[in-house]
Amino acid sequence: MSALAQSTPAAYSRLDEVRRRLQRFADLCEQAVSAADQGQIEELFELSFAARQLRHSISTNQNISHTLNPDADDLVGLADSLTASQRAQAGDELLRQLHERALPEDAALLADPIGIVAIVEALVPTTWDFHEDLVILFGNGLDAPADVLGRIGQDRICVYLAEGESAEHYPASVRVIRSEAELYAALVSWAPRQPGRIVSRSLANCSISEEEQREVIEAANLYLGYVRVDRNTTSAFANTWLRQGIANLAQTVNCPSVANFAGDFAGKPMVIVAPGPSLSKNIEALHKIKGKAIICTFSHTLSALAAEGIDPDLVLTVDSNSLQYHFKNFPMERVEAMISGATVHPDLLDMPAKRQITMGANGAFDVWISELFGEDLLVPAGGSVATTALALGLKWKCDPIMFMGLDLSFPDGKYYVSTSCDGNLKVSTSESGELVMDGWSEDCKEMRKRGGPISADVQKPFTLPGYFGGEVPTTQMFWLFHDWFVKKTAEVGGHTRLINCTEGGSYIEGMEHISLEEAYAAHLEHAPALSVGDVLDKRIGAIDPLRRTRAVQGIEAIVASVERCLSLVGRCAKTAERVEAGEASLDSLGALEEELVKALRATRFIGGSKQEQISRAYERANAAEEVSELLSASQDLYREIRAAATEVLPGLREVLRQIHCQI
């Protein structure tokens, strides 16, 4: 073996692993050919299902990138892999032909056990993950195929039925759903391993119309699109969120959290001011709203509020970038409180607002910070600062909650209200029908150069129902935010009045749509005076003084746990080498891994920056069929855990040093 091969054993092990799986896949397909030739239909189908799962495992384990020296060992390995690949391609063609062949009518198929299996074989694509991908069956009559799917290992099966339609004939393992909301709940419940593919089937006499079936599948795929966007965002910002969350601890241990104010604003009105183009229609009304409701806004709206001479009570921010240009020339010292996500850019915690309050706005990345304080500071939302604002209002039990400037569309081709810091941004439609954004501010362009988050300049068009009827154009992200608002409104179910006073842009189903003047007359004109600052100060004065001490002790415990993880992962790696050499047993490695798992539970957040790599290593370990494959995957896992722990430990130690200096 070449020197380079010896220096990259993991890469060569993966290459060898893929070669073996290709060979097994080709063997399965060739056995299927033999079964077909001999008329052994049941065996043919059984082999084709096994080949599908193996094909999926191959597709998730072929990311091997390294340079080979052209010596004999390399060439033999490559030749074996090429031969296996050529055999596998022939197997692929067999699977495709089997999958695409014409079938008799459904009635005939359902009357024959082999025909039922044929329905399933035609339903499941040639690459399929039986553990994560989703089958949706519409209406009754497909209970027999559902039973076959369960017996071949399909874990996720939903049957979509009309209201009142019985599911008694379906297996108990099948999940019954009767609305898009229930399907959405099912998809959410499978996080973080959502389906990569969805297939569906119905019969000719199905109780669910073809149009409704299309709408359900479209909604599911749009949600999974959002999941992929969210996953990509998480992948892009995971390191930043983790690093900044740790660095911010020196300040957040001294800040109250949103959890401390639970109940203090119950029944108080909140007005959420977004920077959409329609804000220009009613922004002046905020002068009389001030002192009667909580005025909550975001950094992108501050320029517009400054132009009108309005001081908001709360400014929310969840950004991982500094966004300093949003705050230019705005008197932040007149803002009652800046409420920032625990993982925001540290610059945002230095804003001179009267008070700094922290919240958890990045889901799993903020859970561990919430646990440090023993408080529920999480504000689960739909990925934008506007959805976060509504989630906060609901957490505080504000009522009613009103929106201004929440267009989620582009009236007159405008993206923001003209007085915002990016007020010149325009949206037009290209000849090919795509949405084109042009006119970002120079400050925004500079941020983009530094790698700051910004939407693509050319995007696929979507549509939403219009505030005044008809349809309005939007982007995929706005469509997803709108979908979140609709679902959240339905979830609230009238317990809190949600009022859309945007007077333009999109219509949000379930919310009340009236002008701001009407909402003011109905809910604010005779409301008692409200001093947000006084309410905040009263609660801050009553916060347990030991809260900070508990948080510091929690950080010290995390540091000890990370150090233990590093020690254990080193011992696991050495023991795995000894197992491979025949000098230790798998049981001894298993006992060490149990200790490692316990230590990781106390520091599970450290894997956030290596989520994708760790997930791949787990998948390889779970799919391993030989001890050598298992050990190779385990070593990959150890390397990723070691890298993650090594990255966070210096930052945690530095935070402790800073906190002790404060004392």
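The values are calculated or read from the model by the stated rules, or taken from the named source; none is laboratory data. Everything numeric in this text was worked out from a predicted model, so none of it was measured. Because the Cβ atoms are built from the backbone with ideal geometry, glycine has one as well, and the counts that use them run over all protein chains shown. The area values use the complete protein model at the heavy-atom level, side chains included, leaving out ligands, DNA and RNA. Shrake-Rupley method; radii C 1.70, N 1.55, O 1.52, S 1.80 Å.
What the table below lists for this structure:
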quantity	calculated
Helices (runs of 4 or more DSSP H) lying entirely in the stretch 163-277 (those with 2 or more residues that are touching a Gly at 6+ places or on another chain (Cβ under 7 Å) and polar (S, T, N, Q))	none
Exclusive hit being of a type in the set (A, V, I, L, M) and within 18 Å of G423 (Cβ to Cβ), set I289, I310	I310
Test: residue in the stretch 342-365 that is touching a Lys or Arg at 6+ places or on another chain (Cβ under 7 Å), touching a residue at least 60 places away in the same chain (Cβ under 8 Å), of a type outside the set (V, I, T) and crowded, with 18+ Cβ neighbours inside 10 Å	no
Extreme residue, farthest from H169 (Cα to Cα), among residues of the stretch 112-145 that are at pLDDT 90 or above and of a type in the set (G, A, S)	G139
Conditions (1) within 30 Å of E518 (Cβ to Cβ); (2) buried (at least 22 other Cβ atoms within 10 Å of the Cβ); number of the one not met by E308	(2)
Condition met for V315 (closer than 13 Å to H300 by Cα and among the aliphatic types (A, V, I, L, M))	yes
Options A560, A522, A573; residue that is among the small types (G, A, S) and either open to solvent by 60 Å² or more (accessible area, probe 1.4 Å) or assigned to a loop (DSSP other than H, G, I, E, B) (or both)	A522
Hits in the stretch 203-229 (condition: of a type outside the set (A, V, I, L, M), in contact with a helix residue (DSSP H, G or I) (Cβ under 9 Å, 6 or more places away or on another chain) and either more than 22 Å from A186 (Cβ to Cβ) or at pLDDT below 80 (or both))	Y223, G225, Y226
Residue satisfying all of: in the stretch 110-145; within 20 Å of Y184 (Cα to Cα) and open to solvent by 40 Å² or more (accessible area, probe 1.4 Å); nearest to the chain's Cα centre (by Cα) among these	E132
Residue check for K288: outside any helix (DSSP H, G or I) and either surrounded by fewer than 23 Cβ atoms within 10 Å (Cβ to Cβ) or modelled with pLDDT under 95 (or both)	no
Positions within the stretch 27-51 being crowded, with 17+ Cβ neighbours inside 10 Å, more than 36 Å from the chain's Cα centre (by Cα) and small (G, A, S), in sequence order	A32, A35, A36
The stretch 262-277 residues that are within 28 Å of L408 (Cα to Cα), paired with ones that are of a type in the set (D, E) and open to solvent by less than 40 Å² (accessible area, probe 1.4 Å) (beta carbon under 7 Å, 6 or more apart)	G276/D407; P277/D407
Residues of the stretch 581-606 satisfying the condition of being open to solvent by 20 Å² or more (accessible area, probe 1.4 Å) and either at pLDDT below 65 or not hydrophobic (A, V, I, L, M, F, W, C) (or both)	G582, E583, S585, D587, S588, G590, E593, E594, E595, K598, R601, R604
Sole residue being within 18 Å of C398 (Cα to Cα) and under 28 Å from the mean Cα position of the chain (by Cα), chosen from G505, G533, G554, G510	G510
Condition met for V176 (touching a strand residue (DSSP E or B) at 6+ places or on another chain (Cβ under 7 Å) and either open to solvent by 50 Å² or more (accessible area, probe 1.4 Å) or at pLDDT below 85 (or both))	yes
Residue match in the stretch 146-161 (condition: in a helix (DSSP H, G or I), under 30 Å from the mean Cα position of the chain (by Cα), more than 17 Å from Q53 (Cβ to Cβ) and at pLDDT 90 or above)	yes
In the stretch 546-557, the residues that are assigned to a helix (DSSP H, G or I) and free of Cβ contacts under 8 Å to residues at least 40 places away in the same chain	T549, Q553
Residue within the stretch 533-545 that is in contact (Cβ under 8 Å) with a residue 40 or more places away in the chain, assigned to a loop (DSSP other than H, G, I, E, B) and not aromatic (F, W, Y) present	yes
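Residue-wise test of (1) crowded, with 19+ Cβ neighbours inside 10 Å; (2) in a helix (DSSP H, G or I); (3) modelled with pLDDT of 90 or more.
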position	(1), (2), (3)
N622	no, yes, no
S628	no, yes, no
Y638	yes, yes, no
A643	no, yes, no
E647	no, yes, no
G651	no, yes, yes
H660	no, yes, no
